[in-house]
1. Of these, Asp435, Asp471, Asp441, which one is charged (D, E, K, R) and modelled with pLDDT of 95 or more?
2. Can you name the residue in segment 107-132 that is in a strand (DSSP E or B) and not hydrophobic (A, V, I, L, M, F, W, C) and, of all such residues, is nearest to Gln70 (Cα to Cα)?
3. Look at Leu276 and say whether it is in a strand (DSSP E or B) and more than 16 Å from the chain's Cα centre (by Cα).
4. For segment 486-501, how many residues are within 19 Å of the chain's Cα centre (by Cα) and at pLDDT 95 or above?
5. Can you report the number of residues in segment 346-393 which are assigned to a loop (DSSP other than H, G, I, E, B), farther than 22 Å from Gly449 by Cα and either among the basic types (Lys, Arg) or in contact with a Gly (Cβ under 6 Å, 6 or more places away or on another chain) (or both)?
6. Cβ-Cβ distance below 8 Å, separation of 6 or more or different chains: which pairs start in segment 104-116 with a residue that is assigned by the TED database to the domain that holds Asp156 and end on one that is at pLDDT below 95 and crowded, with 19+ Cβ neighbours inside 10 Å?
7. Residue pairs, Cβ under 6 Å, 6 or more apart or interchain, first in segment 61-86 and within 17 Å of Pro115 (Cα to Cα) and of a type outside the set (D, E, K, R), second at pLDDT 95 or above and not in a helix (DSSP H, G or I). List them.
8. What pairs come up if the first residue lies in segment 231-244 and is touching a residue at least 12 places away in the same chain (Cβ under 8 Å), the second is outside any loop (DSSP other than H, G, I, E, B) and of a type in the set (Ser, Thr, Tyr), and their beta carbons are under 6 Å apart, counting only those six or more places apart or on different chains?
Amino acid sequence: MAPAQNSTGFNVMHTPSLNKGLEFTAEEREANNLRGLVPSAIWSPELHLQHAMAQLRSKATPIEKYIFMQSMQDRNEQLYYRMLAAHTHELMPIVYTPTVGQACTDFSHIYRQTPRGVYISINDLGHVREILDNWPEQDIRAIVFTDGERILGLGDLGINGMGIPIGKLALYTACAGVHPKYCLPVTLDVGTNTQSILDDPFYMGLRQRRDRTEAYDQLVDEFMTEAKAKYGPQVLLQFEDFGNTNAFRLLHKYQPTHCTFNDDIQGTASVVLGGLFAAEQITQKSLSEHKFVFMGAGEAGTGIADLIAMAITKEDPEKSIEDARKQIYLVDSKGLVIAERKEGLQHHKLNYAHDVPAASTLIETIERVQPSVLIGVCTIAKTFNQQVCELMASINERPVIFALSNPTSKAECTAEEAYTWTKGKCVFASGSPFDPVTLGDEVFVPGQGNNAYVFPGIGLGVVAGGLTRVDDTIMLVAARTLADHVTDDDLKTGSVYPPLSKIRDVSLKIAAAVAEYGFEQGYATIEKPESWTELCQAAMYSP
């Protein structure tokens, strides 16, 4: 480590990107005026990691562990990311789902004062560039931003939703090696419609109802325009947890002109499709041979449906996109989405409003459609009850059941319920982690359809390749690459995803595939390298 210029040792210790704690060597302590500011012991990175993990494991609850990890990020950035990279399986549920849900709910109460991103309010119209200029890092490559309207399955949390962009970008670094200095979490504060939050004396956002006027669009447009102008056309702008109405229209508006994607619509779709590709080896059915029923027809549901339909047409070129959509059925709060309901449907549901008789319940829909794949994205716990799971098992040799809603309290069913009620026949995956399930003499390891399998790798590919656009096919490329890394051993335990311990390897392969595809499409701003994998590997931050 080079001596810090114009900085005292005390400042070094209080700069997370510079602080190494007891890992500072004798020479570094002398050069950086650290003598006497740290205890005499000099620790290896391995010992420091062991000590930090022991401290973490002494915490009694997940939210205490989350706060500890945030404190570590505030003190020692290298150690924080080393912990995440070395213990991904253990720490992913702490820094992201499901614990991040409680962290967002409690955000204003556990706020630690350390700047972890920027807050742009509706009152800042005309001043967005000034706010971006206030952030110390001027070379930003990846931005995750939210307006807080639909945080996980928890609803409108206002600026309390900032925990999501912070957590997502931490995973960009931990899972794919995107350097933390290139990452910027952003929250657009336009108010909240959740009365309990407005009544909370400690709430830190604007104390007003959510702005639904054209000022909202003006703020989003100013942010998108200024971010691209300041950081360049290759800056990745990831929409996160916007409400359904805004999510789809804003994605469609900016996808042609900005390097952007919506993780809830497209990232979720990619990771689910990857799981379905892997499941083909268990079900012995190709994607185009399945019928799909979705419980939930919001961002996630229709995003997954759209990518599945696209993948079916790639697999079977004789099928049109309209033919592919006819294999996919959506169920919302009013029952099966059908043509008869078209006048009252949101735009994103119209492609799946088939000309079939009405069905008011999920059971009735399953009985009529006879699906082989059931996907839950409705954020209503226990929707996949015993009757539903038993029915799926009665009409399929190996039913595919994905209960994807987050956090765990919103899951349509648990892994144990799905395996028990289908007598071990189902291919199961969930959005939040579940422990292995023992059924007789078999042990099932439920796969977690976590977006972290794809969005960090996509991010690294975009950053390394200098891509200026993220199109829908990139999500297909990521899904296929993810499925290719599910081994026979994974499949034998019932898991359609690789272990989280391999996530950096998977992210690297996804990044290389994405960067190569982007180059072929003319999106890249770099020369063609000898090896896409080596290019992406060289760009990875290793704490």
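The values are calculated or read from the model by the stated rules, or taken from the named source; none is laboratory data. Just so you know, these numbers come straight off a predicted model, no measurement behind them. Virtual Cβ from ideal backbone geometry, glycine too; neighbours counted across all protein chains shown.
1. The match here is Asp471.
2. Of all residues in segment 107-132, those in a strand (DSSP E or B) come to 118-121.
Filter once more, so that each one left must be not hydrophobic (A, V, I, L, M, F, W, C): 119, 121.
Details: Tyr119: 18, Ser121: 24 Å.
Taking the candidates together, the pick is Tyr119.
3. On the way: in a strand (DSSP E or B): no; more than 16 Å from the chain's Cα centre (by Cα): yes.
No.
4. We begin by selecting, within segment 486-501, every residue within 19 Å of the chain's Cα centre (by Cα); these are 496-501.
Subset that is at pLDDT 95 or above: 496-498.
Total satisfying the criteria: 3.
5. 2
6. Once the first residue is assigned by the TED database to the domain that holds Asp156 and sits in segment 104-116, its partners that are at pLDDT below 95 and crowded, with 19+ Cβ neighbours inside 10 Å give Cys104/Ile151; Cys104/Leu152; Cys104/Leu154; Thr105/Leu154.
7. Every condition considered, the pairs that remain are Phe68/Lys59; Asn76/Asn19.
8. The qualifying pairs are Leu237/Thr260; Glu240/Thr146; Asp241/Thr146.
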